[in-house]
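Structure record follows, encoded as structure tokens.
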Amino acid sequence: MNIQGHAALVTGGGSGLGEATARELARLGAKVAVLDLNLANAQRVAADIGGVAVACDVANPESMQAAIDAAAAAHGPARILMQIAGIGSAKRVVGKDGNAAPLEDFARVINVNLIGTYNAARLFAAACAKLDPMEDGERGVMVFTASVAAFDGQVGQQAYSASKAGVAGMTLPMARDLAQHGIRVCTIAPGLFLTPLMKTLPEPVQESLAKSIPFPARLGKPEEFAQLASHIVTNGHLNGEVIRLDGALRMAPR
């Protein structure tokens, strides 16, 4: 798919990997709707790229549908979904106090990262399937965000790893399911990236994390994620694939 002129939705587009992706899509000529729970962040990015900002909770069916509708009213129906919104968590199964981890913490991460991804996907796909097919019968493309933690999660990452493994696991069956509608589905599993959350860590910690990456021995740049996400859109034979973007990193237990 040629990105130029098409409408795109970027969840989590107000910061980090989502912001970089929104900016790259706009640079390539897409009409970008920046969806984020933090409307102020979304408005900041949208103002910079000439897009539209929409408040959105990906795990809430009504909120996600309203965001899709608002974006369509501004730019026309979207053919591109970048599902990047997500949250992190670190909880040991048994805490230092000897008590079991709260179940609600696990459920919250699964709800946002996994159920939120499926919610965004199902609503986008339903709208996209109604559009006229383009070249090769393609109607649209979705790019999800997993994590290397889906494959080698660290101590305390049970909820986060499970949520991201779920995203990776539903990529192929969803691609197969939506093939009849001409909608492609791929997932990126990023490693350690220099996001706003990473920047809150002390400099020595950032340097130590960077040195754990075989090559290049530095944190990933958000624009590198954005470039891969955009390439997936333009490469029509990429479908049903989970792509690690991690500099050959394999996470240690802790």
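Every number in this text was worked out from the coordinates using simple rules, so none of it is lab data. Values in this document were obtained by computation on a predicted structure and should not be read as measured data. We place every Cβ from the backbone using ideal geometry, glycine too, and count neighbours over all the protein chains shown.
Below is a table of values for the structure above.
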read-out: Cβ-Cβ under 8 Å pairs, at least 6 apart or on other chains, segment 122-150 side over 30 Å from ALA248 (Cβ atoms), far side polar (S, T, N, Q); value: LEU123/GLN65
read-out: Candidates ILE243, ILE213, filtered to the one that is of a type in the set (A, V, I, L, M), surrounded by fewer than 19 Cβ atoms within 10 Å (Cβ to Cβ), more than 19 Å from ALA125 (Cβ to Cβ) and in contact with a strand residue (DSSP E or B) (Cβ under 6 Å, 6 or more places away or on another chain); value: ILE243
read-out: So ASP177, is it in contact (Cβ under 8 Å) with a residue 60 or more places away in the chain, over 16 Å from the mean Cα position of the chain (by Cα) and surrounded by fewer than 18 Cβ atoms within 10 Å (Cβ to Cβ); value: no
read-out: Verdict on ASP69 being surrounded by fewer than 24 Cβ atoms within 10 Å (Cβ to Cβ), charged (D, E, K, R) and in a helix (DSSP H, G or I); value: yes
read-out: Selection within segment 84-100 - touching a residue at least 40 places away in the same chain (Cβ under 8 Å) and aliphatic (A, V, I, L, M); value: ILE84, ALA85, ALA90, VAL93
read-out: Test: residue in segment 215-229 that is part of a loop (DSSP other than H, G, I, E, B), of a type in the set (Phe, Trp, Tyr) and over 16 Å from GLY86 (Cα atoms); value: yes
read-out: Check on PRO204, of a type outside the set (S, T, N, Q) and either touching a His at 6+ places or on another chain (Cβ under 6 Å) or more than 30 Å from GLY29 (Cα to Cα) (or both); value: yes
read-out: Boolean, GLU135 is surrounded by fewer than 16 Cβ atoms within 10 Å (Cβ to Cβ), among the charged types (D, E, K, R), closer than 26 Å to GLY16 by Cβ and out of contact with any helix residue (DSSP H, G or I) (no Cβ under 8 Å at 6 or more places or on another chain); value: no
read-out: Failed item in (1) under 23 Å from THR187 (Cβ atoms); (2) touching a strand residue (DSSP E or B) at 6+ places or on another chain (Cβ under 6 Å), with ALA46 passing the rest; value: (1)
read-out: Lone unmet requirement of (1) crowded, with 24+ Cβ neighbours inside 10 Å; (2) among the small types (Gly, Ala, Ser); (3) outside any strand (DSSP E or B) for ALA59; value: (1)
read-out: Pick from segment 25-56, criterion of a type outside the set (A, V, I, L, M, F, W, C) and surrounded by 24 or more Cβ atoms within 10 Å (Cβ to Cβ), ranking: nearest to HIS75 (Cα to Cα); value: GLY51
read-out: Residue list for segment 35-52, filter: closer than 17 Å to GLY16 by Cβ, outside any loop (DSSP other than H, G, I, E, B) and more than 17 Å from the chain's Cα centre (by Cα); value: LEU39, ALA40, GLN43, ARG44, ALA46, ASP48, ILE49
